[in-house]
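What follows is one structure encoded as structure tokens, with my remarks underneath.
The values are calculated or read from the model by the stated rules, or taken from the named source; none is laboratory data. Computed from a prediction, not measured in an experiment: that's the story for all the values here. Please note: Cβ atoms are built from the backbone with ideal geometry, for glycine as well, and neighbour counts cover all protein chains shown.
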Amino acid sequence: MARHGNAEQPQRSCLGCRTARNKDLLIRFVLSPEIEVLPDLDSRLPGRGAYTCLSSSCLTKAITQNQFKRSYKQDVSVMSAEALVEHVRQQLHDRIIGLIGLANKAGNVTGGGSMVSDALRGKAKPGLVLLATDISEPIGAKIVFLADVNHVPNRTIMTKDDFGAILGKAPRSAIAVKHGGFVAQLLKAIDRYRNFLGEV
């Protein structure tokens, strides 16, 4: 007889802290044909996976304690802890850039502090607001206040120059993303990035 109800999500143990978590809360690593340990952020690559928490400290611990060798039960080639942490950080960062770029091409992005503020005051509220890390304190506080009052999620990520480069424009202190599929994807990508860096 078939079972009904929600199936439990598969869990794996982190090689660093040994805590068991749902697979979607971990980073999967696989071996390349050259037996090199590589991150598989989308969990799509073939082969046996090894996992760490979405945490640079857990990944560092797994490397320094030779846990990948133990997990795969063979000698493996693995970058230094510093190099692999940076490699994963860059991949997570690139995912955010790519998503913002796709949302912008789809016409779903508004850039600039004043335009974002206007969008938050308008009838059609954005689905997500992103603030630059180097936004001026008064402007940032005003945008966060407007976002909170209107129940619009907001995150601080990247710099004004980064936002400008992605949009192909001058530096932007904040951007707003319209409601739609990009909002959920961006929130997940940004939160994964910040978790990895230990910011949340």
Selection from the range 164-181 of residues more than 23 Å from Val88 (Cβ to Cβ) and either buried (at least 21 other Cβ atoms within 10 Å of the Cβ) or of a type in the set (Phe, Trp, Tyr) (or both) yields Arg172, Ser173, Ala174, Ile175, Ala176, Val177
query = Can we say Thr133 is touching a residue at least 24 places away in the same chain (Cβ under 8 Å), of a type outside the set (A, V, I, L, M) and surrounded by 14 or more Cβ atoms within 10 Å (Cβ to Cβ)?
reply = no
If we keep only residues of the range 31-69 that are of a type in the set (D, E, K, R) and assigned to a helix (DSSP H, G or I), then the residue surrounded by the fewest Cβ atoms within 10 Å (Cβ to Cβ) is Lys69
Of the candidates Thr60, Thr52, Thr19, the one satisfying the condition of being among the β-branched types (Val, Ile, Thr), out of contact with any helix residue (DSSP H, G or I) (no Cβ under 7 Å at 6 or more places or on another chain) and outside the structural domain of Tyr193 (by TED's automatic domain parsing) is Thr19
Within the range 1-30, of all residues that are surrounded by 12 or more Cβ atoms within 10 Å (Cβ to Cβ) and of a type in the set (A, V, I, L, M), the one modelled with the lowest pLDDT is Leu25
Residue set Thr19, Thr64, Thr60, Thr52; condition on the phi < 0 side of the Ramachandran plot and without any contact (Cβ under 8 Å) to a residue 24 or more places away in the chain; output residue Thr64
How many residues of the range 141-200 are free of Cβ contacts under 8 Å to residues at least 40 places away in the same chain and under 18 Å from the mean Cα position of the chain (by Cα)? The answer is 12
